[in-house]
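Asker: Encoded as C-alpha cells, here's the structure I'll be asking about.
The values are calculated or read from the model by the stated rules, or taken from the named source; none is laboratory data. Model, not experiment: these values are computed from the prediction. Cβ placement follows ideal geometry from the backbone for every residue including glycine, while neighbour counts extend to all protein chains displayed. Note: accessible area is taken over every heavy atom of the protein model, side chains too, but ligands, DNA and RNA are not part of it. Shrake-Rupley method; radii C 1.70, N 1.55, O 1.52, S 1.80 Å.
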Amino acid sequence: LQELGYNVYVWDPITTKEPPQLSFDVLISWTNTPFDITKIDAKKKVLYYLEDYEYISRIIEESHIDNLIRGYDFVFTVNKLDGYEDAWLPIGCDEEVHHIVDINQAENVVLFVGTIRDPDRRDFVVELGERLKEHGFRLFVVGNNGEGIEEWLGRAFYFKDYNDILNQVKVVVNKHVGRFSPSDKVHCITGSGKALLINDDLQGYKECYPNAPTWKDMDDCISKIKYYMENEEERIKLVKEMNDICYEKFTYKKQLQHLMEEIELG
C-alpha cells in the first residue's frame, strides 16, 4: 500500500486495546476476530475475509461472515464463497520474495506443500510418498503437523526460506481443503518461477491458471508428476506461463490496487 502511494497505520485489536486516534480515508480489516469498528474513524470501511467456508464452518456457524460484515461498506473474500462470488479477490505473492533464484534443482524430488489438517490429508501424503518411491522419486513434505511422515522437513516455511525451497524442486503437489480457491501458497509457488504446481481440479484454481495441470485422483496425480518430471521442455514452458499470469494478476500490489479501485480510492 505504501508503494501505491498511501500512508498506512497498523492496528492489531488483539494485542492493542485502542486504535490510532486519527481520521482515515479507508479502514481495511484482515481479521477473522470481530472487534468494535466504530472505534475507527474512517470514510470507507472494508473487510477482507480470509477464510474458506468449508474449513471455517467446521469450527463456527456458517453465518459467521454475515455477522462479520455488519458495519462495513465493502467486503472482499480471499476464497470464492457461495453468495459472494463478485467479492472474490484472491490473495497473491510478493515479487520481491517469490522469484527465480539460481539454485540447482533436484532431479528426483517432489515437494508436497500444506498443513496436515486431518487424517485424510495425512493418508494422502503417506500414500503419495510410498507410490512415488515405486517410480524412483522422493516426496518431501513442507507444512505444520507432519510429525511421523517420512521426509517431513519439520515445519512450514515462509518468505525467503519458502522461496529457496520452491526453487530447488521441479514439481510441487498441493491439496485443497475447500472447494474453490487457490490459497496464497499456490501463488507463491507459481511466483517462484521454477516449480510447477500439480493441484486439485478446482474451479477457482482453473480460473486463476487456466493452463495449469490438475489431478482427479491418486493415479492421475502420479501420472502427471511423472509426465512433467520426464518432459522438461514442456514443464519449463508451463512454469513460465504460470509465472507470467501470477505476476500480471496475483501479486499483493496488483490485488490491493484492484481493491482500492473497487472502492473508488484508486
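Asker: Quick one: E96 ticks every box in (1) more than 16 Å from Q168 (Cβ to Cβ); (2) open to solvent by less than 60 Å² (accessible area, probe 1.4 Å); (3) of a type outside the set (G, A, S); (4) out of contact with any strand residue (DSSP E or B) (no Cβ under 9 Å at 6 or more places or on another chain) bar one, so which box is it?
Answerer: Tallying (1) more than 16 Å from Q168 (Cβ to Cβ); (2) open to solvent by less than 60 Å² (accessible area, probe 1.4 Å); (3) of a type outside the set (G, A, S); (4) out of contact with any strand residue (DSSP E or B) (no Cβ under 9 Å at 6 or more places or on another chain), E96 fails exactly one: (2).
Asker: Residue check: is V125 of a type in the set (A, V, I, L, M), at pLDDT 95 or above and at negative phi?
Answerer: For V125, the condition - of a type in the set (A, V, I, L, M), at pLDDT 95 or above and at negative phi - is met.
Asker: Okay, next question. If we keep just the residues of region 15-37 that are within 25 Å of L89 (Cα to Cα) and open to solvent by 60 Å² or more (accessible area, probe 1.4 Å), which is modelled with the highest pLDDT?
Answerer: D25
Asker: Taking E130 as the residue in question, decide whether it is within 18 Å of Y228 (Cβ to Cβ) and open to solvent by 50 Å² or more (accessible area, probe 1.4 Å).
Answerer: Taking the combined requirement at face value, the residue does not satisfy it.
Asker: Between residues in region 74-89 that are among the β-branched types (V, I, T) and residues that are outside any helix (DSSP H, G or I), which pairs lie under 6 Å by C-beta distance while being six or more apart or on different chains?
Answerer: V75/L47; V75/I69; T77/Y49; T77/Y84; T77/W88; V78/L50; V78/I91
Asker: Of everything in region 112-136, what is farther than 13 Å from M218 by Cβ, free of Cβ contacts under 8 Å to residues at least 24 places away in the same chain and not in a helix (DSSP H, G or I)? Give them in sequence order.
Answerer: D118
Asker: I'd like to check something: does region 106-117 contain any residue that is surrounded by fewer than 16 Cβ atoms within 10 Å (Cβ to Cβ) and on the phi > 0 side of the Ramachandran plot?
Answerer: Within region 106-117 (the criterion being surrounded by fewer than 16 Cβ atoms within 10 Å (Cβ to Cβ) and on the phi > 0 side of the Ramachandran plot), the answer is no, since none of the residues qualifies.
Asker: Output the strands (runs of 3 or more DSSP E) that fall wholly within region 137-243 and possess 3 or more residues being of a type in the set (S, T, Y), at pLDDT 90 or above and buried (at least 20 other Cβ atoms within 10 Å of the Cβ), or say none.
Answerer: Per the criteria, no element qualifies.
Asker: Would a scan of region 255-266 turn up a residue that is of a type in the set (V, I, T), touching a Phe, Trp or Tyr at 6+ places or on another chain (Cβ under 6 Å) and under 30 Å from A87 (Cβ atoms)?
Answerer: Yes, region 255-266 contains at least one residue that is of a type in the set (V, I, T), touching a Phe, Trp or Tyr at 6+ places or on another chain (Cβ under 6 Å) and under 30 Å from A87 (Cβ atoms).
Asker: Related question: Is there a residue in region 222-233 that is polar (S, T, N, Q) and either within 26 Å of K160 (Cβ to Cβ) or touching a residue at least 40 places away in the same chain (Cβ under 8 Å) (or both)?
Answerer: no
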